[in-house]
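Right, one structure below, let's go through it.
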Amino acid sequence: LMAALVMALGAVANPTPAAAATIKVVIVVGPVGSSTSSHIYSAKKYAAQARGYGAKVIEIYSPNATWSKVKAAAQGANLLIYLGHGNGYPRPYGAFSAYTKDGMGLNAAAGKGNSNTKYYGEYYMRNYIHLAPNAVVILNHLCYASGNSEPGRANPTKSVAMRRADNFAAGFLRTGAKAVFAIGTGSASHTI
C-alpha cells in the first residue's frame, strides 16, 4: 500500500508528457516600465519549463498584453501566470474599486510601449475569466498580491498583509482557480 502511494504521488509531482499535453498554461506580462524586460525574461523561463513538461503554453507580453488578448487566451487555462503591476487593497491612498484593484495591469492599447497601463480588477477576473476547474494562478513580482507594499514603502502590519493577500486572491479564486500563489520576489519555478 505504501509503495503504491509513493508511486501515485510521484506521478502527480512529475507529470508525464502525455498527461501534461492536455494542460494549458497562459503566461502574461503586463507593462511595468523599465522592469518589463526582466519580467519577460522570467516569463520565458517559465514558458520553457512548462513546455518541458509537455504543456501547451500561450505567452502574452507587453506591449501587446491587452485585456481582449488576455481574456481570450485565459479561458480554460489550467495554469495562469501573471507578472506585472499589482494594484491591491488596502493601500495607503485611494478607495477600493473592484474595477481596478486586485487583478491585472495590462496594456491600455497594443503596441504603445511598456508604460500605458490600465488596471482590470477583481470584477473583470471573476466575471470574464473562466479557468479550468481546479486551475492554479501564480502572481509573480506584484505589489500587494503577497501582502507586500510598493517599493520604498514601509512593510505593512501582519493584519494588513493578510488582507492584501486575501483580497488579491479572491477574484482569481472566483475564476475557477483552486489555488493562488503570490510570490512577491524571486522565481516561481518551484511552484510551476
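The values are calculated or read from the model by the stated rules, or taken from the named source; none is laboratory data. This structure is a prediction, so every number in the text was calculated from the model and none was measured. Note: ideal-geometry Cβ built from the backbone for every residue, glycine included; neighbour counts use all protein chains shown. We work out accessible area using only protein heavy atoms, side chains counted, and drop any ligands, DNA or RNA first. Shrake-Rupley method; radii C 1.70, N 1.55, O 1.52, S 1.80 Å.
Scanning the range 154-179 for residues that are within 27 Å of residue 75 (Cβ to Cβ), out of contact with any Asp or Glu (no Cβ under 7 Å at 6 or more places or on another chain) and either charged (D, E, K, R) or open to solvent by less than 40 Å² (accessible area, probe 1.4 Å) (or both) yields 165, 166, 169, 172, 174, 175, 176, 177, 178, 179.
Filtered by the rule that a residue be touching a residue at least 60 places away in the same chain (Cβ under 8 Å) and within 14 Å of the chain's Cα centre (by Cα), the range 75-94 gives 79, 80, 81, 82, 86, 88.
Of the candidates 56, 71, the single residue that is of a type outside the set (Val, Ile, Thr) and closer than 16 Å to residue 123 by Cα is 71. When we screen 97, 146, 115 for residues that are surrounded by 14 or more Cβ atoms within 10 Å (Cβ to Cβ), over 24 Å from residue 190 (Cβ atoms) and without any contact (Cβ under 8 Å) to a residue 40 or more places away in the chain, the only hit is 97.
Taking the conditions (1) in contact with a Leu (Cβ under 9 Å, 6 or more places away or on another chain); (2) over 18 Å from residue 40 (Cα atoms) in turn, residue 128 satisfies each one other than (1).
When 141, 190 are screened for being surrounded by fewer than 17 Cβ atoms within 10 Å (Cβ to Cβ) and within 18 Å of residue 27 (Cβ to Cβ), only 190 passes. Would you check if residue 27 is modelled with pLDDT of 95 or more, surrounded by 17 or more Cβ atoms within 10 Å (Cβ to Cβ) and within 30 Å of residue 150 (Cβ to Cβ)? In short, yes. Just one of the numbered conditions (1) surrounded by fewer than 21 Cβ atoms within 10 Å (Cβ to Cβ); (2) part of a loop (DSSP other than H, G, I, E, B) is not true of residue 131: (1).
Does at least one position in the range 164-174 carry a residue that is touching a strand residue (DSSP E or B) at 6+ places or on another chain (Cβ under 8 Å) and closer than 21 Å to residue 50 by Cβ? Looking for residues that are touching a strand residue (DSSP E or B) at 6+ places or on another chain (Cβ under 8 Å) and closer than 21 Å to residue 50 by Cβ, one finds at least one in the range 164-174, hence yes.
For every residue, the table says whether it meets (1) touching a helix residue (DSSP H, G or I) at 6+ places or on another chain (Cβ under 7 Å); (2) without any contact (Cβ under 8 Å) to a residue 24 or more places away in the chain; (3) of a type in the set (Asp, Glu).
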{"position": "102", "(1), (2), (3)": "yes, no, yes"}
{"position": "138", "(1), (2), (3)": "no, no, no"}
{"position": "141", "(1), (2), (3)": "yes, no, no"}
{"position": "154", "(1), (2), (3)": "no, yes, no"}
{"position": "163", "(1), (2), (3)": "no, no, no"}
{"position": "167", "(1), (2), (3)": "no, no, no"}
{"position": "177", "(1), (2), (3)": "no, no, no"}
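The residues of the range 141-173 that are of a type outside the set (Asp, Glu) and within 17 Å of residue 119 (Cβ to Cβ), listed by number, are 141, 142, 143, 144, 145, 164, 167, 168, 169, 170, 171, 172. Scan the range 149-164 and give yes if some residue there is of a type in the set (A, V, I, L, M) and under 22 Å from residue 47 (Cβ atoms), otherwise no. Checked against the condition, which is being of a type in the set (A, V, I, L, M) and under 22 Å from residue 47 (Cβ atoms), the range 149-164 yields no hits at all. Just give me the residues in the range 137-192 being at pLDDT below 95, touching a Ser or Thr at 6+ places or on another chain (Cβ under 9 Å), assigned to a loop (DSSP other than H, G, I, E, B) and more than 18 Å from residue 104 (Cβ to Cβ), in sequence order. Selection gives 155, 156, 185.
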